Every structure is written in C-alpha cells, then in structure tokens.
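Single-structure report; data block below.
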Amino acid sequence: MSLGDSATPLGRVRGLGSAHHGGEHWLTERVTSIALLFLGTWFIASLLLLPKLDQRTLIEWLHAPSGAIPMALLIIVGFRHALDGVKVVVDDYVHEEGSRFAWNTLLLFLAVGGGAIALFALARIAFGAVA
Amino acid sequence: MAVSILHRVTGVALSFAGLGILAWWLFAISGGPDAYGNFEAVVNYRFYQVPLALIVLVGLTWSFFQHLLSGIRHLVMDTGAAFELGINKTFAILTIVGSVVLTAALWVFLLGVAK
C-alpha cells in the first residue's frame, strides 16, 4: 500500500508516526531481530557446549575466529537492536520534543559507548596471547 | 496484550542489564584470571543464602527467551498472519510456556556443569 493511496493531504506531508521519520527504522529493527535469532542461539549454544566456564576456556573460545567473529557480530547487532528498540519506547512515552531528543541522544551515547567497551574487550581477547 | 507489554519490558531489561553484563563479562575475561575471579565472586555472592546475581542472570535468560519467542510472534504478525483471536491467544501463551521451559532447561544444565 503506497502512502499516497491511504493518507490524507496532511498525513502525506507529515507521513510520520511517533518516531517522526519513515519506515527505515522499523525495517532495521526487524532485520536485526532476525540476525539476533541466529546470533543469540549461537551464544546460548556455545555456552552450553563449552566444557567449563572458567577464564581459560572462555579465552580459548573467543580467541579463535569461530568464537570471535560471531561475538563481534552479536555485540554490534545487539547494541544496534537495543538502541532501535528502546528508541521506540522513548518515542512512545516521551512526548515533549526537547526531552525526547535528550533521551534519544543519551541512549545513543550509551549504546555506542557500551558497544565500544565490549568490542575493545573482545579485540583484546581475540588478538592477545592465550595465557 | 500482556505478552506485548512483556516484549517491551524484557527488551528494556536485555538492553540495559543484559548488554551491560555482557560488556562487563567480556571485559572481565579480557582482564585475566584475577579480573574474571572478581566477576565470578559477584555472580556467586550470597546475601543470607540468597544468590542475588544468579537470580538476576536467571531473570535475564528468561527475558532473552521470552523476547526471542514473542519477537518471532511479532514477525509472524507483521506478515498479517495469526490475528485470529484463538490462534493469537494460543501463540501468546505458548511464548510464555516456551520461555519458562527453555530457561529451566538451560539452568538445570548450566548448574549441573558447574558442579
């Protein structure tokens, strides 16, 4: 259904829900959710298959490309999906324009900062020596 | 309705507590045996016999499975399917049954390995 068919003239100009922009965000949220179906299952299955959950075993797991690459993807896609998802909650419940901008900016910084910390730690494991 | 709210609540919990703990856990692993020992100490800490952190982790794994299953439900509904009252309700209840069963199975297994 194209927007022109269904929207009133005002709706066509605004064309926007509570997110105040188009369908890209909606679609990204769903695509990342499909990716996380695989990455999340991989993560849980990996924890179950590891013989032990001590530091040495975990280092060996994340040092190998088979562990490091999916973990990097899980971090990147996970933080992106979290940011997109929490933004929906903010856009739904915070109505004042300034506050919404402040919340969304704070959450963007948190997601990028948290993702950077996690990726740095992973890089240190993946490229460091196996003790 | 209730499952839809659960989807949001579990999503927010996973975003903050889930990803926060993931980042902390990775940082602890990368910091060497001592750093990881500190992480394990927090996880195993008991407040009057009550393993507080373990309860949080069980809650997060339940959140993960609940969010995953209700997420699948939402993807199906995005296609326009499963809006009929009976199917819709059954699907919603199944996400809760599924998440509880998966969480229980995971932790029975994990605690079995730890011992």
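FYI, it's all coordinate maths here, none of it is from the lab. Being a predicted model, the structure only gives us computed values, none of them experimental.
In terms of the Cα gyration tensor, with a ≥ b ≥ c the square roots of its eigenvalues, is the range B:1-104 rounded because a/c is under 1.5, prolate because a/b exceeds b/c, or oblate? Prolate is the answer for the range B:1-104, as a/c is 1.5 or above and a/b outweighs b/c. The angle between the Cα long axis of helix B:85-114 and the longest principal axis of the Cα atoms of chain B comes to about 20 degrees, rounded to the nearest 10. To test your reading of the geometry: what angle, between 0 and 90 degrees and rounded to tens, separates the Cα axis of helix B:2-13 from the longest principal axis of chain B? Helix B:2-13 sits roughly 30 degrees off the main axis of chain B. Size descriptors for the protein assembly as shown, from the alpha-carbon set: Rg then Dmax equal 20.2, 66 Å.
When the P(r) of the range A:55-131 is calculated, the portion above 19 Å amounts to 48% of the C-alpha pairs.
Residue by residue, the range B:21-28 carries 3J(HN,Hα) couplings of 5, 4, 5, 5, 4, 4, 4, 5 Hz when phi is fed to the Karplus relation 6.51 cos²θ - 1.76 cosθ + 1.60 (θ = phi - 60°); x denotes Gly or Pro.
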